[in-house]
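One structure is given below, encoded as structure tokens.
The values are calculated or read from the model by the stated rules, or taken from the named source; none is laboratory data. The structure presented is a predicted model; accordingly, all values stated were derived computationally and were not measured. Don't worry about glycine lacking a Cβ; one is built from the backbone with ideal geometry, like all the others, and counts go over all protein chains shown. Protein only, heavy atoms only, side chains kept; ligands, DNA and RNA dropped before computing areas. Shrake-Rupley method; radii C 1.70, N 1.55, O 1.52, S 1.80 Å.
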Amino acid sequence: MGDRRKALGWDVAIYAACAVFAIVTALWSEFYGYRIWGNFASVAYALGAVHAVWLLTTSGTGWLRSRWIPVGLVGGAGMVAPLIVLVFRRLTGSDWVIKPFQWAAQPEVWVIERSASLLFDTGTPYVDIAGLPRPPEVNDYTPYGPAMAVFGMPRALLGGAITDARIMFALTAIATVLVSLKLLGWPKAPVRAAHLAVVSPLTALTFAVAGPDLAIIGLIILAGALATRGRIVWCGIVLALVVSMKLSALPAVVVIVFHVVTTRAGRASLLRFGTAVIGVTALLNIPVLIVHPGAFVEHVIKFPSGTGMITSPAASPLPGHLISSAGQVGHAVALVLLGLTALALTVWLFVRPPATGSDTMLKAAIGLGAAILMVPASRYGYLVYPLVLWGAAMTFAVAERAASRPAEPHDLSLSQAR
């Protein structure tokens, strides 16, 4: 009983803090989509806090006393509802305007949809920055790998509200998580894991206004589940997709590769895994490189690292950006520190390779979190990666504990009967 009261006390604090964030966002954000999300989410979080207080101060039974009720409220009222409103609001025409308080979607949504149109028309999803008849602007850039263009293809081909790339991102994130849970044997996820992975404003806000990072995270979790279940060829294919969508997800990919290599000793299986990773990555990237190698390097490598024709506007109070903002020397120092962080993480993985799925997800969260803290161009919203993967690690751990428990007597009798 004491543990439940303590958990409910944390629930109250979490929903209350999230509600404050949503209210502040609704009142003062410069982005139209953020304000719409804040209006919906503040109500959902406030109701979640009220529900947690009710559970804390009353007793009884029934489905209404489930701690999952507020999670569902946030999912419905704080994520799906604002997404629907913004998808239809976008049909009035607010893309590419210079006023953020008119944006019904964040720029990455239109940029990815444009990349699909460019891929169909030119064979590359990237604008030729050097060939522009004017100075380049930030929205000329597509800082994603070629595979990300897939999410913009429905809108490029068909148009209309239901082809909004955010819907594709959301469906991918949901589908990959469901498949991962199935692979893990449908473990009972802890409510606290749902708080990290779903209820967090970083997840809920991203779901409504953008979404590509959630699709990538879903694929990372799926790769971890596939690796845990020994489906290493499929794991390799999914990792190749992740690398070909966003290079900044590389730390998580490296962690999963270490897990596969150190837990699957068979030379033939590792050869199939390596072939899947390298082969699919090459298949997705080489055709675009052949069409315009300079554009690929400018968009995917130089722009995110701050060495392109213009610098990324991504800003945050995180260490990497603060150091980089101190001029050219600061930027060089930030890149050196990022490299040292990558080296330290690699050494750590050699010394303590991830042995289980939960350990893999946790180390992926730490690796991505460290990279996000140190990268020169970063936003606090990218912290959604370590938060969701931390929640995934908790759920993987539940599945591992269930698998390690000895079978109940009636299970053994059923097994013998078969």
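Going by the alpha-carbon gyration tensor, a ≥ b ≥ c the square roots of its eigenvalues, is the stretch 113-167 rounded (a/c under 1.5) or, if a/c is not under 1.5, prolate (a/b greater than b/c) versus oblate?
Verdict is prolate for the stretch 113-167.
Over all Cα pairs of the stretch 10-95, how is the pair count split among 10 Å bins, expressed in % and running from 0 up to the last occupied bin?
Result returned by the calculation: 19, 42, 26, 11, 3, 0.
Whats the longest run of the chain with zero chymotrypsin sites (Phe, Trp or Tyr not before Pro) that are DSSP loop and have at most 14 other Cβ atoms within 10 Å?
Answer - 97-418.
For GLU30, GLU400, GLU113, give the ranking by accessible area with the largest first, probe 1.4 Å.
Final ranking, largest accessible area leading: GLU30, GLU400, GLU113.
Scanning the chain for helices, which whole DSSP H stretches are 18 Å or more long along the axis (Cα) and average -0.5 or more by Kyte-Doolittle?
On the way: long enough: 2-28 (39 Å, 0.84); 32-57 (38 Å, 0.80); 107-122 (21 Å, 0.33); 165-183 (27 Å, 1.78); 212-228 (24 Å, 1.99); 250-263 (20 Å, 2.28); 267-291 (36 Å, 1.62); 327-351 (36 Å, 1.90); 357-374 (26 Å, 1.18); 384-404 (30 Å, 1.05).
Result, helices passing both filters: 2-28, 32-57, 107-122, 165-183, 212-228, 250-263, 267-291, 327-351, 357-374, 384-404.
How high is the relative contact order of the chain, given as a whole-number percent (alpha carbon pairs under 8 Å, six or more residues apart)?
16 percent.
Over the stretch 99-220, average the accessible area per residue using a 1.4 Å probe and give it in Å², no decimals.
That works out to 36 Å² for each residue.
How much of the accessible area of the stretch 72-135, in percent, comes from carbon and sulfur atoms when a 1.4 Å probe is used?
Reported share for carbon and sulfur atoms: 68 percent.
If I compute solvent accessible area with a 1.4 Å probe over the protein chains, what percent of it on the stretch 171-281 is carbon and sulfur?
Here it works out to 74 percent.
Ranked by accessible surface with a 1.4 Å probe, highest first, in what order do ARG272, ARG229 come?
ARG272, ARG229
Cα gyration tensor of the chain, axes a ≥ b ≥ c as square roots of the eigenvalues: rounded (a/c below 1.5), prolate (a/b > b/c) or oblate?
Oblate, because a/c is 1.5 or more while a/b does not exceed b/c.
Show that you can apply the helix-only estimate: for the chain, add -39,500 (n - 2.57) for every DSSP H stretch of four or more residues, divide by all residues, and state [θ] at 222 nm to the nearest 500.
Computed ellipticity for the chain at 222 nm equals -21500 deg cm²/dmol.
What's the local net charge at ILE14, with K and R +1, D and E -1, over the other residues with C-beta under 14 Å away? List each step's numbers first, then the result.
Details: positive: LYS6, ARG67, ARG192; negative: ASP11.
That sum, taken over residues with Cβ under 14 Å, equals +2.
Over what distance in Å are the Cα centres of the stretch 101-143 and the stretch 359-385 separated?
Going from one Cα centre to the other spans 26 Å.
Pairs of Cα atoms under 8 Å, at least six residues apart: use those to get the relative contact order of the stretch 229-285, whole percent.
Taking the mean separation of contacting Cα pairs over the length of the stretch 229-285, I get 56 percent.
Provide the gained length on full extension for the span LEU322 to SER117, in nm with one decimal, where the gain is 0.36 nm per separating residue minus the Cα-Cα distance.
Length gained between LEU322 and SER117: 70.2 nm.
Quick check: the distance between the Cα centres of the stretch 1-72 and the stretch 245-318, to the nearest angstrom?
38 Å
In terms of Cα to Cα distance under 17 Å, which aspartates and glutamates are near enough to LYS99, apart from those fewer than 8 places away along the same chain?
GLU30, GLU108, GLU137, ASP140
Test of understanding: extend the Cα→C-beta vector of ILE174 to 7 Å, then name every residue of the stretch 51-85 with backbone N under 20 Å from that spot.
68-85
GNM, the chain, Cα, under 10 Å: largest mean-square fluctuation among ALA295, ALA344, ALA52?
Among ALA295, ALA344, ALA52, the largest GNM mean-square fluctuation belongs to ALA344.
Want the number for ALA355 to THR92: 0.36 nm per residue separation, take away the alpha-carbon distance, what's left?
Stretched fully, the ALA355-THR92 segment lengthens by 89.6 nm.
For VAL127, what residues show an amide H to amide H distance below 5 Å, using hydrogens built from the backbone and excluding near sequence neighbours?
Those lying under 5 Å, H to H, from VAL127 are THR142.
Let's test the formula: R0 of 41 Å, r as the Cβ-Cβ distance of GLN102 and ARG231. What FRET efficiency results, to the nearest 0.05?
Numbers: r = 45 Å, r/R0 = 1.10.
In this case the efficiency is close to 0.35.
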